[in-house]
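Below is one structure; the comments refer to it alone.
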Amino acid sequence: MPTVPVITRSFEELVKSIAFKKGIPGMRIVFTPHPVTDRTPEVCRKYILGRDPVSGRPMLDVILDGLTRPPAAEDRRAGPIARPARPRLLEPMAEDELQKYFLDNGYTDGFPVVPPTERRVAEMLKGTSREPGEIVGRMRPSDPHEAWEYTVEMVAANAVMAGAKPEQFPAILAIASTGVTSLFSSTSSFARMAVFNGPIVGEIGMNAGIGAMGPFNHANAAIGRAWTLISRNLGGSGKPGETYLGSQGTPLNYSNICFPEAEAALPPGWNPLHVQKGFKPSDSVVSLFSGWSLNNVAWFSPMPIHEVIRGWLEHFFSTSVSQATLILDPIVAGDIAAAGFGSKEAYIDYLAKNTGTPSWLYWQTRQNELEKAKEGVEPFAGYLRLGDAGVVPVPRFGRGRGGRSAIEVVVTGGSTNAYWFGGDFSHLTSVAVDPWR
């Protein structure tokens, strides 16, 4: 069936790239001005009756031509277009030239990297028993894009570039094996987080104390940075306009909030994150999260801290409104435990059952209920009487995707004060590090 997709101008490079990767480089496309989000029907109609901002031709003419012009021979070809293989080695060049080459070709995070010479990569490979040519995984920027496949040696080269050490390499391989990119392609500027548990934390000297989430520890920083370089160089991610569309971007992408949980500081009865996810305490595990924002909260009041967090959860707002992750300093975790919450699960259950939904948020996505409320049908009519500033007694946080908890709790920090982070991050996956040793 003849088809002409209508795309906004800002996605020209993206859609042409995807069309090429799908084997249809000559796809007939018509472009509109950008954005169309939150624009009135009158404005959108004006767009359609105007000119394609890319070709300069009237939009309706472009659509008619695309629907009626017979397909060319190139259009009739089927299957993806083969790409040339990437060279294993570059031509010899001076280090300054190499750094410029990496920067110019988008192989870095904007900072200088450690040149991945054969000697350095061979040294990194000593950190694992896996063969250099073994396939580790496949990664893509987001669903429409092709997945790239990569080997242990390719991951080692990027680990070297990030400044990692061989003993950190199994942790990096474990992240790479998930196929989760740290630079997900979306206009909403996603960020990622990696939380480590188990013996690996002590073995490679990760920091779960003072400044755990800051740039104060080599293992935390290098592993997080390696994830970004792998995503760019092995996962096809991070090319602005084509495979990365975050409108403002996020500084969290530099090292991806990489830190371990402070297991030794957990209150009695509180299981570490990896045990919550089904692993043994003796397993070394990395858990990956995805989200948009984190708030660093310091609020001292006569109200118990577990109630302060409940109130914050009820009213915080970001791109997501139904999932949350709390990163608690051990002092905060201890205070919550002392208030009678003998496990993370008990506190999560309390939050899920006692957190309502602000009225303005509740009615935004419930037009049918709003009509019933206006007709006097209970309980919706009662909810409406609460007014815009009220809180509807319907939990925001039930179960997440796949039946997973919509609220996660992680404990880290140096116990210098009763601070905590909260945000809309959600758990993606947890994988064992040990198989990659």
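The values are calculated or read from the model by the stated rules, or taken from the named source; none is laboratory data. All values derive from a computational prediction rather than experimental measurement. For neighbour counting, all protein chains shown are included, and Cβ atoms are generated from backbone atoms with ideal geometry for every residue, glycine included. Note: areas computed on protein heavy atoms with side chains; ligands, DNA, RNA excluded. Shrake-Rupley method; radii C 1.70, N 1.55, O 1.52, S 1.80 Å.
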**OP:** Can you confirm whether region 366-388 contains a residue that is in contact with a helix residue (DSSP H, G or I) (Cβ under 6 Å, 6 or more places away or on another chain), open to solvent by 70 Å² or more (accessible area, probe 1.4 Å) and either in contact (Cβ under 8 Å) with a residue 24 or more places away in the chain or aliphatic (A, V, I, L, M) (or both)?
**Re:** yes
Subject >> Conditions (1) among the hydroxyl-bearing types (Ser, Thr, Tyr); (2) within 30 Å of Ala222 (Cα to Cα); (3) in contact (Cβ under 8 Å) with a residue 40 or more places away in the chain: number failed by Thr68 >> reply: (2)
Original post:
What is the number of the single condition among (1) under 12 Å from the mean Cα position of the chain (by Cα); (2) without any contact (Cβ under 8 Å) to a residue 12 or more places away in the chain that Trp227 does not meet?
Top reply: (2)
**OP:** Scan region 231-284 residue by residue and report those that are at pLDDT 95 or above, open to solvent by 10 Å² or more (accessible area, probe 1.4 Å) and of a type in the set (Ser, Thr, Tyr).
**Re:** Ser282
Subject >> Any hit, region 368-379, residues being under 27 Å from the mean Cα position of the chain (by Cα), farther than 30 Å from Ala264 by Cα and outside any helix (DSSP H, G or I) >> reply: no
Original post:
Based on what the data block shows, is Tyr101 of a type in the set (Ser, Thr, Tyr) and either open to solvent by less than 60 Å² (accessible area, probe 1.4 Å) or touching a residue at least 40 places away in the same chain (Cβ under 8 Å) (or both)?
Top reply: no
**OP:** Collect the residues in region 354-367 that are part of a helix (DSSP H, G or I), modelled with pLDDT under 90 and under 30 Å from Leu326 (Cβ atoms), keeping them in residue-number order.
**Re:** Ser359, Trp360, Leu361, Tyr362, Trp363, Gln364
Original post:
Is it true that some residue in region 121-135 is under 14 Å from Gly179 (Cβ atoms), of a type outside the set (Asp, Glu) and modelled with pLDDT of 95 or more?
Top reply: yes
Original post:
Which condition breaks for Ser405 when tested against (1) open to solvent by 30 Å² or more (accessible area, probe 1.4 Å); (2) over 17 Å from Trp312 (Cβ atoms); (3) out of contact with any Lys or Arg (no Cβ under 8 Å at 6 or more places or on another chain); (4) touching a residue at least 12 places away in the same chain (Cβ under 8 Å)?
Top reply: (3)
Original post:
From the residues in region 285-329 that are in a loop (DSSP other than H, G, I, E, B) and over 30 Å from Ser142 (Cα atoms), which one is most open to solvent (accessible area, probe 1.4 Å)?
Top reply: Trp299
Original post:
Quick one: how many residues across region 154-171 are within 17 Å of Phe289 (Cβ to Cβ) and β-branched (Val, Ile, Thr)?
Top reply: 0
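Residue-wise test of (1) out of contact with any Lys or Arg (no Cβ under 6 Å at 6 or more places or on another chain); (2) within 25 Å of Ala262 (Cα to Cα).
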residue: Ala337; (1), (2): yes, yes
residue: Glu345; (1), (2): yes, yes
residue: Val392; (1), (2): yes, no
residue: Val409; (1), (2): no, yes
residue: Asp424; (1), (2): yes, yes
Original post:
Are any of the residues in region 18-29 touching a strand residue (DSSP E or B) at 6+ places or on another chain (Cβ under 7 Å), farther than 30 Å from Asn158 by Cα and crowded, with 16+ Cβ neighbours inside 10 Å?
Top reply: yes
**OP:** Among the residues of region 56-85, write down those that are open to solvent by less than 90 Å² (accessible area, probe 1.4 Å), assigned to a loop (DSSP other than H, G, I, E, B) and modelled with pLDDT under 90.
**Re:** Pro71, Ala72, Ala73, Gly79, Ile81
Subject >> Within region 330-343, considering residues that are assigned to a helix (DSSP H, G or I) and out of contact with any Pro (no Cβ under 9 Å at 6 or more places or on another chain), the one farthest from Ser426 (Cα to Cα) >> reply: Ile331
Original post:
If Arg88 satisfies every condition in (1) part of a loop (DSSP other than H, G, I, E, B); (2) charged (D, E, K, R); (3) open to solvent by less than 70 Å² (accessible area, probe 1.4 Å) but one, which is the exception?
Top reply: (3)
Original post:
Does region 411-434 contain any residue that is at pLDDT 90 or above, within 30 Å of Ser287 (Cα to Cα) and part of a helix (DSSP H, G or I)?
Top reply: yes
